[in-house]
1. Could you list, in sequence order, the residues of the range 82-92 that are in contact with a strand residue (DSSP E or B) (Cβ under 6 Å, 6 or more places away or on another chain) and either at pLDDT below 90 or not in a strand (DSSP E or B) (or both)?
2. Across the range 140-161, which residue is farthest from Lys75 (Cα to Cα) among those that are touching a Lys or Arg at 6+ places or on another chain (Cβ under 9 Å) and surrounded by 19 or more Cβ atoms within 10 Å (Cβ to Cβ)?
3. For the range 147-175, give me each residue that is assigned to a helix (DSSP H, G or I) and in contact with a helix residue (DSSP H, G or I) (Cβ under 9 Å, 6 or more places away or on another chain).
4. Can you tell me which residues in the range 31-52 are assigned to a loop (DSSP other than H, G, I, E, B) and either modelled with pLDDT of 95 or more or under 20 Å from Gln84 (Cα atoms) (or both)?
5. Does the range 130-145 contain any residue that is in a helix (DSSP H, G or I) and of a type in the set (D, E, K, R)?
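The values are calculated or read from the model by the stated rules, or taken from the named source; none is laboratory data. Since the structure is predicted, the reported quantities are computational estimates derived from the model, not experimental observations. Neighbour counts are summed over all protein chains in view; Cβ atoms, including those assigned to glycine, are modelled from backbone coordinates with ideal geometry.
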Amino acid sequence: MQKLFGAVLIPVFLAACGSGISTNTDFDPAVDFSGFQTYAWLPAGNGMDDGSGVHANQLTDSRIRSAVEANLNAKGMRKVSPDQADLGVGYQVTAQDRVQYNTVSTGWGGGYGGYYGGWGGMGMASSQTYATNYTDGSLILGIFETSEKKMIWQGVATKTLSENPDTEERTQTINDAVAKLLADFPPGTN
């Protein structure tokens with residue numbers, strides 16, 4: 001059920017406006033990234049899907065792949081067949097339900113007391129707590145060194161999902177998320 005829920009919401013995440021995307025990247029500092037020139041998409045069952053993610057629908061998959069390819073190509077990398085690639089690229093999408101609580105107080109409590117004395121007494125105060133339910137969606141991008149068959153770079157882009165995105169918003173958010181993730185890729189060469 002959670003995967004079905006996530007499969008419906010992931011395109012919504014990817015459709016929200018480009019702002020508000022938080023990213024986090026990590027890489028193996030022992031790897032020299034300057035020699036990598038080619039990449040290929042990893043086949044299904046590539047080590048990126050540990051069962052906790054959901055699969056993107058075909059439209060979202062196409063948008064993610066196009067955005068990643070455009071960014072890597074702009075950095076001088078070429079897409080080749082998997083048996084010729086220096087790097088393998090894979091991704092995963094996830095969705096997580098969250099709740100935010102906000103308490104609003106009205107009225108006043110206590111009494112007035114000053115330097116010259118004053119009066120005290122009961123005041124009237126009330127507060128109301130509101131719960132806001134929302135879902136965060138994440139795009140996890142992994143890059144593997146094909147010769148060693150190990151992950152050497154990972155990036156995660158996260159955004160609160162939008163409820164009713166249109167096609168243009170979906171595409172723009174994916175493009176923004178991938179561009180932000182790959183801004184400093186390859187590490188140490190920018």
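1. Across the range 82-92, the qualifying residues are Pro82, Ala85, Asp86.
2. Step by step, filter the range 140-161, then rank; the result is Ala157.
3. Listed by number, the residues that qualify are Thr167, Arg170, Thr171, Thr173, Ile174, Asn175.
4. Listed by number, the residues that qualify are Val31, Asp32, Phe36, Gln37, Leu42, Pro43, Ala44, Gly45, Asn46, Gly47.
5. No: the range 130-145 contains no residue that is in a helix (DSSP H, G or I) and of a type in the set (D, E, K, R).
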